[in-house]
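Quick notes on the structure that follows.
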Amino acid sequence: MEKLENRAVIKHFYLKELKPKEIKEEMDSTLGTYCPSYSTINQWVSEFKKGRLSTSDEPHSGRPVEVTTPDMIEKIHQIVLEDHRLKVHEIAKTCKMPNECVQNILHQHLHMQKLCARWVPRLLTVDQKFRWLKSTI
């Protein structure tokens, strides 16, 4: 069963005025190992007691989960092209995003790696990388 289905069952038993322990026993008998834990059941019963009607998750505030957008990839690419010697934390500070996200964009999306303190495309051969470095000096 999925979370929403489990919550709906918990809500149903709560409306039938069963205690959390009784709900756990009832769900254990039908779901077995797929039954949510007692603490989860207890938490949702307390939520329903407080007047909550919905069984779905509340929207979360803050930064969106995905900050790796095509715009951010392009922005980071432009920053790196302007100055190859920037460090990850400097790029992250400029873009106002976590270091891990910048590293992910540089390595996974732009296929770049550090070479002699500069960001260069990873798919170049060793000779091409050195020629590329010499041409940018």
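The values are calculated or read from the model by the stated rules, or taken from the named source; none is laboratory data. The model shown is predicted, which means the values in this text are computed figures rather than measured ones. Note: ideal-geometry Cβ built from the backbone for every residue, glycine included; neighbour counts use all protein chains shown.
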Cross-chain or 6+ apart pairs with Cβ under 6 Å, the stretch 41-54 first and in contact (Cβ under 8 Å) with a residue 40 or more places away in the chain, then assigned to a helix (DSSP H, G or I) and among the hydrophobic types (A, V, I, L, M, F, W, C): none
If E17 satisfies every condition in (1) surrounded by fewer than 13 Cβ atoms within 10 Å (Cβ to Cβ); (2) of a type in the set (D, E); (3) assigned by TED's automatic domain parsing to the domain that holds T125 but one, which is the exception? (3)
Report yes if some residue within the stretch 52-62 is closer than 18 Å to P98 by Cα and exposed (fewer than 10 other Cβ atoms within 10 Å of the Cβ); otherwise report no. yes
Would you pick out the residues in the stretch 20-51 that are exposed (fewer than 11 other Cβ atoms within 10 Å of the Cβ), of a type in the set (K, R) and part of a helix (DSSP H, G or I)? K49
Sort through L81, L106 and tell me the only one that's touching a residue at least 24 places away in the same chain (Cβ under 8 Å), assigned to a helix (DSSP H, G or I) and more than 30 Å from P20 (Cα to Cα). L106
What residue, among those in the stretch 1-14 that are hydrophobic (A, V, I, L, M, F, W, C) and assigned to a helix (DSSP H, G or I), is surrounded by the fewest Cβ atoms within 10 Å (Cβ to Cβ)? L4
Just one of (1) surrounded by 16 or more Cβ atoms within 10 Å (Cβ to Cβ); (2) outside any loop (DSSP other than H, G, I, E, B) trips up L86, so point out which. (2)
